[in-house]
Amino acid sequence: MSALLEIDGVSRSFGGLRALNDVSFSVGEGEIVCVIGPNGAGKTTLFNVISGVFPPSAGDVRFNGKSIVGMPTHRIAHAGIGRTYQIVRPFVRLTVLENVTVGALVHESSYSAARRKAAEVLDLVRLSHLADTQASSLTLTQRKRLEVARALAMRPKLLLLDEVMAGLNPTEVDAMCAFILDLRKIGISAVGGIEHLMRFVMNISDRIVVLDFGRKIAEGTPKEIATHPEVIAAYFGTPIET
């Protein structure tokens, strides 16, 4: 399996605080890798480094074999990395369709083409019936789906999902889990996810990377991670079911 994303010895410091410390792992084409860890472990900082919000203090990030360190966020998005955010912030005065159209403009050459692409994505995420609804009127679940739709409209090869399950009920979690697994069928070749909801992580992951205090303490399959002594000590407290 060829590597789509390579994190190579990445560190990131903020003054005297080292949020990431020599983190390395890769995501292969067609693979779902979840990055987990306690609050403050460095998960969101890692996503910010990958998406170009912060440059790494040391190390390299490669996408499709090329370093993306130093590239502005819009060029990284154009290269094929889409992202959702933990705190969902749609353009509340725009409609659902208009919100997704903004994402589609990354690749589409005209506004009309972007609207057509946005309409296709809304159908995919089952929000077509809300296309003309103002984003401010959406429920939390609908806003989460809108966040994913905006990212998908950018035609990503890699989708970074930042706690998309937070606030959802068990039925909604199951639906989102199935949806993420289906992304491969529409050409999303790898998905990175960071979640605290372990049932979701165990169900969708090919591999799991565990961070603690900015350091990678484990990497492996869900079954390996569920019984890893250092992970249990740092995070779970007791072995978890897979």
Next on the checklist: Whole angstrom only: what separates the Cα centroid of segment 105-183 from the Cα centroid of segment 32-104?
Outcome noted: 16
Checklist outcome for this item: When 185, 223, 157, 117 are ranked with the fewest other C-beta atoms within 10 Å first, the list becomes 185, 223, 157, 117
Checklist entry - Length gain on complete extension for the stretch residue 73 to residue 29, per 0.36 nm per residue less the alpha carbon to alpha carbon distance? => result 13.7 nm
Checklist entry - Between residue 13 and residues 5 or more places away or on another chain, which pairs have amide H atoms under 5 Å apart, with H built 1.01 Å from N, and which residues are they? => result 19, 57
Item to check | Mean separation of Cα contacts under 8 Å (6+ apart) over length of segment 37-102, as relative contact order % | outcome: 22
Item to check | Size of charge dipole - the chain - debye, nearest 20, with Cβ of Lys, Arg +1 and Asp, Glu -1, no other charges | outcome: 680
Item to check | Sites residue 22 and residue 232, calculated FRET efficiency, Cβ-Cβ separation with R0 22 Å, nearest 0.05 | outcome: 0.45
Item to check | segment 110-190: relative contact order as a whole-number percent, Cα under 8 Å and 6+ apart | outcome: 28
Checklist outcome for this item: Applied in sequence order to segment 2-12, the curve 6.51 cos²θ - 1.76 cosθ + 1.60 (Karplus, θ = phi - 60°) yields integer Hz couplings, x standing for Gly and Pro, of 7, 7, 8, 10, 10, 9, 10, x, 7, 10, 8
Item to check | Label-point separation in nm, residue 62 to residue 2, each point 7 Å along Cα→Cβ | outcome: 1.2
Next on the checklist: I want to check the label-to-label distance for residue 94 and residue 221. Put each point 7 Å from Cα in the C-beta direction and report it in nm to one decimal.
Outcome noted: 4.3
Checklist outcome for this item: Going residue by residue through segment 52-61, the Karplus relation 6.51 cos²θ - 1.76 cosθ + 1.60 with θ = phi - 60° gives ³J(HN,Hα) values, rounded to whole Hz and with x marking Gly or Pro, of x, 5, 10, x, x, 6, 7, x, 9, 10
Next on the checklist: Tell me the label only: which of (1) 51, 40, 36; (2) 47, 38, 33; (3) 52, 44, 33 is Cα extents along the principal axes in Å as calculated from this structure?
Outcome noted: (1)
Next on the checklist: Given an 8 Å cut-off on Cα distances and at least 6 residues of separation, report the relative contact order of the chain as a percent.
Outcome noted: 25
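Laboratory data are not the source of any read-out in this text; all were calculated from the coordinates shown. Every value quoted in this text rests on a predicted model; they were computed, and no experiment measured them. Using ideal geometry, Cβ is built from the backbone for each residue, glycine included, and neighbour counts are taken over all protein chains shown.
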